[in-house]
Amino acid sequence: MRLLHTSDWHLGRSFHREDLLSAQAQFVDFLVETVRSERVDAVVVSGDVYDRALPAVDAVSVCDDALRRLASTGARVVLISGNHDSARRLGFGSGLIDAAGIHLRTEVASAHRPVLLEHGDGPVAVYAVPYLEPDAVGAELGCDERSHAAVLGAAMARVRADLATRPGCRSVVLAHAFVVGGEASESERDISVGGVPSVPLAAFDGVDYAALGHLHGAQRLSDRVRYSGSPLAFSFSEEHHTKQLLLVELGAAPGAPVRVETLPTPVGRPLARVSGRLDELLTEPRWAQVETHYLQVTLTDPTRPREPMERLRRRFPHVLVLAFAPEGGPGNDATSYTARVRGRSDHDVTTDFVAHVRGPAEPLAAALEGVRLAEAGR
């Protein structure tokens, strides 16, 4: 049985106001082609299909196109809602489209009722556990403790109880959660409840493969528990991520070894973080390799240059974030603000502030000197 594990599409998300929908459509092309070329039996999507509960029309169109084309390959698709999705909206019509081999699972009540995939080596039970908000589902799962560990643990207890009635059946679990041992990036939404956002790795004991979603970096927590990560980067903290699909080949019997192959996804535009003085960034040949990247730039000039973004974009047209961290700047001065302004006039404090913000441009310096001389002659 060959599964393709993906998650966290976040359709409709932008990157520092840059539209990503065309890159997301390119990912869908790659996904469908991979399903065909690798003879995939089923695609599992572990939540956060959309970036928000009310997705834009264009994002819905991309999702519709993806599911329609995946269905045409003959592969089954099992998809759960994540913390960014509206479970009710994403799950609309799920009973009607099951017959097309597209299985949308967004309700906790269906988490222990598997999608059964038939195969020559025997059936595979796919348990689709959507994102579980403790306050929303705790009572339904009989949980007194208000935590993600409690509600996911209760859901998994139901899964194991059902699996126990299916001897010889291999099992896959989809879940959208922050599992202990996972490494977060800057682009995931916080899902902490009562200070307990994570669930233990042991929650997934006893299943052949756990296909996780929520964390945007692909990572292996054990041989059988993995995050596929997001197909695109959504923050500069993901600069060095290799975005990928996971091609999972289950063993022929429950408990047999699982083989996982990583398939890098296409990158619409690479990311980079650079720092240095403005003149160096504009002239040094070594920065030529990132001229077409999305950039986060930190300027280290002792004083703030004039019009830095406009000048940077002449060489780097895709600068998205600009920060200023001057070498030996005020952040390195341990003297308190009170001590620095003690005994100084309001005029001196104000002009120093303006000079700090604007830099030592000659017209500004001349204007400040003119004000000082005028006041001295009064």
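Of note:
- Size-normalised alpha-carbon gyration radius of the stretch 110-228, reference 2.2 N^0.38 Å: 1.06
- Mean separation of Cα contacts under 8 Å (6+ apart) over length of the chain, as relative contact order %: 13 percent
- Dipole magnitude of the stretch 123-250, debye to nearest 20 (Cβ charges: Lys/Arg +1, Asp/Glu -1, about Cα centre): 460 debye
- At 1.306 mPa s and 10 °C, Stokes diffusion of the chain via Kirkwood alpha-carbon radius, µm² per second: 67 µm²/s
- Summarising the label geometry, the points placed 7 Å from Cα in the beta-carbon direction at Arg160 and Val267 lie 4.2 nm from one another.
- Using a Gaussian network model of the chain in which every pair of alpha carbons under 10 angstrom is joined by a spring, one finds that among Val49, Val32, Val354 the greatest mean-square fluctuation is at Val354.
- Within a Gaussian network of the chain (alpha carbon springs, distance under 10 Å), most fluctuating of Ser81, Ser185, Ser222: Ser222
- Charge tally for Ser147 (other residues, Cβ to Cβ under 15 Å; Lys, Arg +1; Asp, Glu -1): -4.
- Along each principal axis, taking the top coordinate minus the bottom one, the Cα set of the stretch 22-68 gives 34, 21, 16 Å in descending order.
- Rounded to 5, the percent of DSSP beta bridges in the chain classed as antiparallel: 30 percent
- Relative exposure of Val258, Val129, judged by other C-beta atoms within 10 Å (fewest first): Val258, Val129
- Fluctuation leader among Ala325, Ala150, Ala252 - the chain, Gaussian network, Cα springs under 10 angstrom: Ala325
- Amide H to amide H, with H built 1.01 Å from N, Ala210 comes under 5 Å of Val173, Val225, Arg226, counting only residues 5 or more places away or on other chains.
- About its Cα centre, the stretch 2-264 has a charge dipole of approximately 600 debye under the convention of +1 per Lys or Arg Cβ and -1 per Asp or Glu Cβ, with nothing else charged.
- Look at the dipole of the chain built from charges on Cβ: of Ala99, Ala210, Leu263, the Cα furthest out on the positive end belongs to Ala99.
- Residues Trp287, Trp9 in ascending order of nearby Cβ atoms (within 10 Å, fewest first): Trp287, Trp9.
- Signed unit charges on C-beta, dipole axis of the stretch 270-334, positive-most listed residue Ala288, Thr303, Leu278: Ala288
- Ordered by the count of other Cβ atoms within 10 Å of each Cβ, fewest first, Glu186, Glu107 give Glu186, Glu107.
Computed from the coordinates by the stated procedures, all read-outs in this text should not be read as laboratory data. No experiment lies behind these values; they were computed from the predicted model shown. Cβ coordinates were reconstructed from backbone atoms using ideal geometry, including for glycine residues, and neighbour counts include every protein chain displayed.
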